[in-house]
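To keep things clear, I will list the structure first and then write my remarks on it.
The values are calculated or read from the model by the stated rules, or taken from the named source; none is laboratory data. In this text, all values refer to a predicted model and were calculated from it rather than measured experimentally. Here Cβ is always computed from backbone atoms with ideal geometry, including for glycine, and neighbour counts include all displayed protein chains. With ligands, DNA and RNA removed, areas are computed over all heavy atoms of the protein, side chains included. Shrake-Rupley method; radii C 1.70, N 1.55, O 1.52, S 1.80 Å.
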Amino acid sequence: MPGLPLPQPLPQTTGCEYACPGPASHIFRQRPRTGLSPDEKLAAEKDLAQYCKPVELYNIIQRRAIKNPPFMQRCLLYNILARREKRIQITISLSGRTNTELQAQNIFPLYVMLARPTGNVSLEGHSPIYRFSRVCLLTSFSEFGNKDNSEATFIIPDVKNLSTSPSCNLDIILISCGQVGQSTGEDYCSGNHVESSSLQKLEGKCSWGKIPTNLLASSLENCVTLSLGTIVELASKVTMRPSFLEAKFLEQDSCLTFCSHKVDATGSYQLQLCMSAQEAGARDMSLSPYNNYTYNDLPPSSLSDIIRLRAGNVIFNYKYYYNTMHETEVTEDFSCPFCYVRCGSFKGLGCHLNSSHDLFRYEFWISEEYQVVNVGLKADTWRTEFLAEGVDPRQQTFSYRSRFKKRRRSKTTSEKIRHVHSHIMESGSPEDAQAGSEEDYVQGENGTSVANASIDPAQSLHGRNLSPPTVLQFGKTRKLSERADPRNRQLLQKRQFFHSHRAQPMALEQVFSDRDSEDEVDDDIADFEDRRMLDDFVDVTKDEKVIMHMWNSFVRKQRVLADGHIPWACEAFSQFHGQQLVQNPALLWGWRFFMIKLWNHSLLDARTMNTCNTILQDFQEKK
């Protein structure tokens, strides 16, 4: 397609930078091909062909990304921001000039909220149950009050989603309590925002009406200037019907409903609302020169088509042959020309190109008429690989050398024996049985073995080993009394030490022993603390406390830490406490209810529950 004029060359921008053009006279056109010699034409074609390798690589990556995408496009920040800027900001107010038949005390206070019906099924004489998140309070007409008291502002999805997506089924609910003399709830207001807890006081007679947002979508679709950031004024009539507000749903999930059976059906009236709609990102749109284009000279009949064609159009100029020639391509909806990803905005397109297609160099340029990206090849990206004639590069030997890692010099057996000393225990001690079961060899750090026979054999008398067993220990396990000097020992004797968990005083022998008590867990103390904690519950029966204590003690002693341990722990608990459970039916039912709780939380499967019940049934049969 024919090339478009390029702007005056600007300083190269390798990042996501944007530049505005200079005067219109400072532009240059590409060099005409008709003035090139045959050699120059051939050189230009070869230069343009250098785009083929990167594009072919990106095509391969794109085909692989169809089944295994590297990231989700909707999760990218620039796509999220672009969607937020397309949302519609609705402002609702009441004018005294259009509501002359109604008095202010009969309308205000007026609560306005954006709500979603929870289901299509409703009780007879009741409206659907509406779930809301934010409530605005209007206390005066727009002519007599400030914006905080006379306007309610909400953000709704964009026009396209309002008309097509079923999840955008929203209604604007208006609740008037003026005729019944309800309080305005100003104590629960922050500006014109009302806390949902204050609506519980509004239970009773009221008048309410609604505006479906899909009706707004049909009106906004015909406003072609909405996408240009202009404010669209709308007028809507709402029929306010007397009803009874039921606040019993307010305590759960901020829901409410209206009942028409409890009040007189007469007394309906109409409110004339003033509504204005504008895109949420209209303020940022004015910062771009491309959005400041004037459509005054265009006929109204073709205005919508021109706006649609201009929205998201980006011109890509692929420069080659010393930047004197270029080929041009146009994409829509801010789409990438290499992978056809829609980036939502011109800034998002720049982020995408610099991060996902960094084999090219980009220059971004914006004017009132064009959004242009100048694309160029990086000189050092593709280098020619020279191979001998007739050699297949896939058959070439690939050599790889990793960084040399220094190996730690392992100690010899003789060096390790120097750190070994004998520790003779008294006969009849509890360690005697354990020492007797030791192997004849002590395993070293690098797999070598040190024989116990290397210790002085003079400990044996007349060929019979009458001395106590000998166990090899390393110097790190020496007692505190052996490695402490007398002065430090005296200082330790003057202080009183306590156990970390039991808070009981320690004897001097325990202080100087080689046993560390920091990680100790005293089961008796832990059981006592667990019982004391369970005794504080007043809404739990005695048998339920017993089964809870049995389970807590079991999982603590068996170190049940992860969710995956729960099935094994339930089977082991049924096997360990089965006899006690079958003797007390209350405990047995408490254990079964506890397993049902675990099943509800997806921590226990049905097969494991059946296995536990089978184990308990076996105990009952043996009983």
> According to a simple spin-label model (label point 7 Å from Cα along Cα-to-Cβ), what is the distance in nm between Q490 and S553?
Replying inline: 4.9 nm
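Which value, in debye to the nearest 20, gives the size of the charge dipole of region 61-181 about its Cα centre, when Lys and Arg are +1 and Asp and Glu are -1 at the Cβ?
Roughly 1120 debye for region 61-181.
Per residue, how much accessible area does region 532-622 have with a 1.4 Å probe, in Å²?
On the way: 5910 Å² over 91 residues.
Spelled out: the 1.4 Å probe surface of region 532-622, per residue, equals 65 Å².
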> Normalised by the residues of region 532-622, what does the relative contact order come to in percent, with Cα pairs under 8 Å and at least six apart?
Replying inline: 33 percent
> Roughly how many nanometres apart are two label points built 7 Å out from the Cα toward the Cβ at D527 and Q50?
Replying inline: 8.2 nm
> About the Cα centre of region 532-622, what is the dipole size in debye to 20, counting +1 per Lys and Arg Cβ and -1 per Asp and Glu Cβ, all else neutral?
Replying inline: 220 debye
> Which one of L256, S268, S345 has its Cα pushed farthest toward the positive end of the charge dipole of region 247-368, where Lys and Arg give +1 and Asp and Glu give -1 at the Cβ?
Replying inline: L256
>> For a 21 Å ceiling on Cα separation, which of these pairs sit above it: K46/K378; K53/K378; K86/K347; K319/K378; K597/K622?
In response: K597/K622
> Ignoring ligands, DNA and RNA, how do F528, F497, F512 rank by accessible area with a 1.4 Å probe, largest first?
Replying inline: F528, F497, F512
> Counting only protein chains, not ligands or nucleic acids, how are W208, W589 ordered by accessible area (probe 1.4 Å), most first?
Replying inline: W589, W208
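If we sort 258-270, 98-110, 290-302, 344-356 on the protection proxy, mean other Cβ atoms within 10 Å, highest first, what's the order? Walk me through the numbers before you get to the answer.
Values: 258-270: 13.5, 98-110: 15.8, 290-302: 10.7, 344-356: 19.8.
Top of the packing list down: 344-356, 98-110, 258-270, 290-302.
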> How would W365, W568 line up by accessible area, probe 1.4 Å, largest first?
Replying inline: W568, W365
> Along the positive direction of the dipole of region 532-622 (beta-carbon charges: Lys, Arg +1; Asp, Glu -1; about the Cα centre), which of N552, T608, F537 reaches farthest?
Replying inline: N552
> In square angstrom, rounded to the nearest 10, how much accessible surface does E45 have for a 1.4 Å probe?
Replying inline: 110 Å²
>> Rounded to the nearest 10 Å², what accessible area does V560 have for a 1.4 Å probe in the complete protein model?
In response: 30 Å²
> In region 532-622, carbon and sulfur make up what percent of the accessible area (probe 1.4 Å)?
Replying inline: 55 percent
